[in-house]
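Heads up: the structure comes next, in structure tokens.
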Amino acid sequence: MKNLHIVALFQFKESDLMDALELLKKLVFETRKEEGCLQYDLIEDTTNKGVFFIVELWESEEHHHQHNGTDHLMNFRNQSASMLEKSAQVYKGYKTF
């Protein structure tokens with residue numbers, strides 16, 4: 001079974017940064033407790049204000065699928081939707097080298 005690597009990119013409105021950061025922190029805190037979550041790190045872009053990305057490593061695709069149904073992720077999506085400049089971008093893959 002291969003580990004699933006994910007990078008999720010978010011660009012928030014400058015006026016909502018403080019609230020967005022609190023939502024992101026809560027999401028990270030809750031997600032790190034999940035079975036199969038090997039890494040879930042919040043990174044703030046150093047040159048683009050309001051840009052954050054989450055670097056994820058899941059034990060399997062099934063674990064990530066379970067994550068997608070969690071209350072804390074659905075709450076984050078609902079609460080952050082109006083704060084985003086544009087839709088989040090998500091990249092998924094398996095380590096090739």
Quote to one decimal, in nm, the extra length available between residue 29 and residue 92 on full extension: 0.36 nm per residue of separation minus the C-alpha distance between them. 20.6 nm
Quote the relative contact order of the chain in percent (integer), defining contacts as alpha-carbon pairs under 8 Å separated by 6+ residues. 46
Between rounded, prolate and oblate, where does region 37-84 land on the alpha carbon gyration tensor, with a ≥ b ≥ c its root eigenvalues, rounded for a/c under 1.5, else prolate if a/b exceeds b/c? oblate
Explain nothing, just the number: dipole magnitude of region 25-89 about its Cα centre with +1 on each Lys and Arg Cβ and -1 on each Asp and Glu Cβ, in debye rounded to the nearest 20. 380
Rg [Å, one decimal], Dmax [Å, integer] - region 5-61, C-alpha atoms: 12.0, 37
Can you tell me the length gained on complete extension of the stretch residue 68 to residue 22, counting 0.36 nm per residue apart and subtracting the Cα distance? 14.6 nm
Carbon and sulfur: what percent of region 20-64's accessible surface (1.4 Å probe)? 49
Which one of 80, 60, 15 has the biggest mean-square fluctuation once the chain is modelled by GNM with Cα springs under 10 Å? 15
Determine, for region 13-97, the count of lysine pairs separated by eight or more sequence positions (or lying on different chains) whose alpha-carbon distance falls under 15 Å. 4
What Kirkwood hydrodynamic radius do you get for the chain when you take the inverse of the mean 1/r over all pairs of distinct Cα atoms, in Å? 13.8
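The values are calculated or read from the model by the stated rules, or taken from the named source; none is laboratory data. Remember, it's a predicted structure, so these values are computed and weren't measured experimentally. Positions of Cβ are generated from backbone atoms using ideal geometry, with glycine treated the same way; all protein chains shown enter the neighbour counts. Areas reflect the complete protein model, heavy atoms only, side chains present, ligands, DNA and RNA absent. Shrake-Rupley method; radii C 1.70, N 1.55, O 1.52, S 1.80 Å.
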